[in-house]
Every structure is written in structure tokens, then in C-alpha cells.
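Engineer: Got a structure here, written out as C-alpha cells. Questions coming.
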Amino acid sequence: MKFLVYFEVRDGQIKKASFETASAAKKIADEIGGETFGIIIGKDVSSIAKSAQKVGIKKIFVIEEESLSKISNSLYAKIIAEFTKEQGFDGVFFSATSQGKDLAPLTSGFSDFPYISDCTSLLIEDGKVTFVKPIYSGKGLLKQQAESGAKFVVSLRPNVFPLCEAPVEVEVEKISLKDYSSIKTAIVEDIEKGSQELLDVAEADIIISGGRGMKGPENFQMLKEVAKIVGGAMGASRAAVDSGWVPHAHQVGQTGKVVSPSLYIACGISGAIQHLAGMSSSKVIVAINKDKEAPIFNVATYGVIGDLFEVVPHLKEELKALKEQG
């Protein structure tokens, strides 16, 4: 089988989530004796294409034109779908980032390939690719299998699949852009960046989040301070966002952002199903809550039953001391 991985570019660099997706796709391809290729679209992107070599991708297709300087997911999807069919690819892999969640289903529609979204595991069972994804707000897992010879488009959840470095020499092949002037497209004119003070929760490997138990917007400052110490991000529950304490960009949950960090610290979050759906796939979950019956403790790796206003300051000082020790 031949797989194609879309490498997402932001601020002149390939996103970490795309390297994770490429690693997962290559691992599956290697198990079944297949091949994995990459594709990058944009303006002046050939210079960064070779960075894909670190995850073992031997060939990258590059489509770069001045006209591609602004993101147009509808156009990108059309390009990828037609290229996929022309080259005979069996599967197209995207990372389930903000762009990937839009681009993948569009590619599925243009290519007429079935789409499997937000997968957290890939397996080979009976010689077939099996996709595993959370359902019912994370209460269950659904297995979907690609029948022999079936084509597919799939998106993989960021921060779930390990980035496996296996450096190789990479071949970069430039592909000419066809004339798509007759196609109606939506163009992203500008991407407004939030504060660079902290990482985006969707990108962070460590997240400390606060809920209704934070009691007010002023108390989120101590979570920001902890996040800065560990190089992580600050998150929030829907209750905190709806109360106007924290901007929506920080919201973790079914109506916010789905995250899968290595460490998730939940402070004063009861654990409503909406929130659990957005963070239950975190590798390690630490819950801090006064209520020993809080549902968050059912999914926590470690639980601290106590007042967060006593626990978090101690946590901050301990982390600060460890950082200073190197």
C-alpha cells in the first residue's frame, strides 16, 4: 500500500503534529510492506521539505507557487485529492489540527474516499489497517477497518502518536500546480495570533487547567505561572470560560479543544463528561479537588483531595526548585 502524509506548515516550519502523523503512517506502512510519502503545499516551502527526513520519509512532493501564499483549504484539498488519485495512493494521512480537521474531510469529499476522523491508535489486524477512535465523549472506543484494496482519508489526534526519528536521505520532487482558477475557493487572509506568553493547549505537552473551583479570573494567574515554569499551556473548563474568566482559546473539552498531552493537571475541575471528552486521552492526569466524589478522580492517574489554593502554590515552588536545579 502507498500512503501520503500532508505536512502542515505554519510560520515557516513543519508542525510537530505532522511529524507525529508521518511517524504513525510509516510505522503502519512498514508493517505491511508498504511505502509512505509526504506532500507540502504553499509558497517557498521546498526549503523545509527535507526536514521530513528525520521521520524516515524518503520522498516529499512539493507544490509551491506565489498563488499559494495564503491558505485555502478548499483548494489544497482539491490538489491533494487529484494528486492522490493520479499517483494511486491508498491512504491519505492528516493531523487533526485546526487545519487538518477542515482539510481532511474536504479531501475525502473530493476524492470520494471514506473518512475516519481523530484516531488515537492504528493497528494491523488480519493484514488490514484498523483505526481506533474515541466515541460517546470518550466513554468507548470504535474500531474501523479498511477492507483489502479500500482507499481512505484519516486524521490522527496530535500528541498521541510518538515522534519516531529515523533519519534518511530524502528526495524532493516539485510538482507543477494545475489551473484551478475556475474553482470557487475560500482564502485565509490572515491568522490572528493570541498571546505568545504561553503555548496553545492543542500543541502543549504539559497542560494545567482550571475550572469553577478557581473562583475567579484573578486566580488563573497562578496556573499561568506554573505553566511558564514547565514550558506548558494553561487550559480551562467550559464553566470557567462561560463565566468570562478565561478566553475561549484556552477551553479544553468537547466544545473547546481536544488535547492529549503527556501531563494534564486539573485544578478545581469536577470532571463533567464534556470536559473529559477533551482530555481523557492524556497520558498522565493529575486531579486536584476538594470534593473526593468528583468524577475527575475516575480518570485521574493521581488524585489530590485538597484545597487547590494550598496545593498549587506548593506545586509551583517545588517545580521552580526542580527547574533551578536543572
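The values are calculated or read from the model by the stated rules, or taken from the named source; none is laboratory data. Everything quoted here is computed from the prediction, not taken from an experiment. All Cβ positions, glycine included, derive from the backbone under ideal geometry; neighbour counts span all protein chains shown.
Engineer: Please go through region 294-315 and pick out each residue that is under 27 Å from the mean Cα position of the chain (by Cα) and farther than 27 Å from PRO162 by Cβ.
Structural biologist: Scanning region 294-315 gives PRO295, PHE297.
Engineer: Another question, if that's okay. Determine which member of the set GLU324, GLU317, GLU225 is farther than 27 Å from PRO134 by Cα, in contact (Cβ under 8 Å) with a residue 60 or more places away in the chain and of a type in the set (Asp, Glu).
Structural biologist: That would be GLU225, the only listed residue that is farther than 27 Å from PRO134 by Cα, in contact (Cβ under 8 Å) with a residue 60 or more places away in the chain and of a type in the set (Asp, Glu).
Engineer: In this structure, does GLN196 turn out to be farther than 18 Å from TYR264 by Cβ and either surrounded by 21 or more Cβ atoms within 10 Å (Cβ to Cβ) or modelled with pLDDT under 90 (or both)?
Structural biologist: Spelling it out, GLN196 is indeed farther than 18 Å from TYR264 by Cβ and either surrounded by 21 or more Cβ atoms within 10 Å (Cβ to Cβ) or modelled with pLDDT under 90 (or both).
Engineer: Separate question: Report, ordered by the first and then the second residue, all pairs with beta carbons closer than 6 Å, sequence separation of six or more or different chains, a first member in region 115-127 that is more than 16 Å from GLY140 (Cα to Cα) and not assigned by TED's automatic domain parsing to the domain that holds ALA24, and a second member that is surrounded by 13 or more Cβ atoms within 10 Å (Cβ to Cβ) and among the hydrophobic types (A, V, I, L, M, F, W, C).
Structural biologist: none
Engineer: Let me confirm something: among ILE296, ILE285, ILE269, which residue is of a type outside the set (Ser, Thr, Tyr) and touching a Lys or Arg at 6+ places or on another chain (Cβ under 9 Å)?
Structural biologist: Unique residue meeting the criteria: ILE269.
Engineer: Given (1) among the charged types (D, E, K, R); (2) farther than 30 Å from LEU263 by Cα; (3) exposed (fewer than 15 other Cβ atoms within 10 Å of the Cβ), identify the lone condition not met by LYS151.
Structural biologist: All conditions pass for LYS151, except number (3).
Engineer: Here's another thing I want to ask about it. Got at least one residue in region 169-176 being crowded, with 21+ Cβ neighbours inside 10 Å, among the small types (Gly, Ala, Ser) and either in contact with a Cys (Cβ under 9 Å, 6 or more places away or on another chain) or at pLDDT 85 or above (or both)?
Structural biologist: no
Engineer: Looking only at region 95-105, filter to residues that are not aliphatic (A, V, I, L, M) and not in a loop (DSSP other than H, G, I, E, B); which one of those is modelled with the lowest pLDDT?
Structural biologist: My answer is SER98.
Engineer: Helices (runs of 4 or more DSSP H) wholly in region 1-94 with at least 2 residues that are of a type in the set (Phe, Trp, Tyr) and either under 23 Å from the mean Cα position of the chain (by Cα) or in the same structural domain as VAL168 (by TED's automatic domain parsing) (or both) - which ones?
Structural biologist: In region 1-94, the matching helices (runs of 4 or more DSSP H) lie at 73-87.
Engineer: Among the residues of region 205-220, is there at least one that is more than 20 Å from VAL311 (Cβ to Cβ), in contact (Cβ under 8 Å) with a residue 60 or more places away in the chain and not hydroxyl-bearing (Ser, Thr, Tyr)?
Structural biologist: Within region 205-220, none of the residues are more than 20 Å from VAL311 (Cβ to Cβ), in contact (Cβ under 8 Å) with a residue 60 or more places away in the chain and not hydroxyl-bearing (Ser, Thr, Tyr).
Engineer: Just one of LEU141, LEU68, LEU123 is in contact with a Gly (Cβ under 9 Å, 6 or more places away or on another chain) and surrounded by fewer than 21 Cβ atoms within 10 Å (Cβ to Cβ); which is it?
Structural biologist: Only one candidate passes the filter, namely LEU68.
A quick yes/no check of all residues on (1) more than 20 Å from SER95 (Cα to Cα); (2) in a loop (DSSP other than H, G, I, E, B); (3) in contact (Cβ under 8 Å) with a residue 60 or more places away in the chain; (4) more than 18 Å from the chain's Cα centre (by Cα):
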| residue | (1), (2), (3), (4) |
| --- | --- |
| ALA240 | yes, no, no, yes |
| ILE269 | yes, yes, yes, yes |
| ALA287 | yes, no, no, yes |
| LYS292 | yes, yes, no, yes |
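Engineer: Now, a different point. State the number of residues belonging to region 225-272 that are surrounded by fewer than 17 Cβ atoms within 10 Å (Cβ to Cβ) and under 22 Å from GLY306 (Cα atoms).
Structural biologist: Here the count works out to 1.
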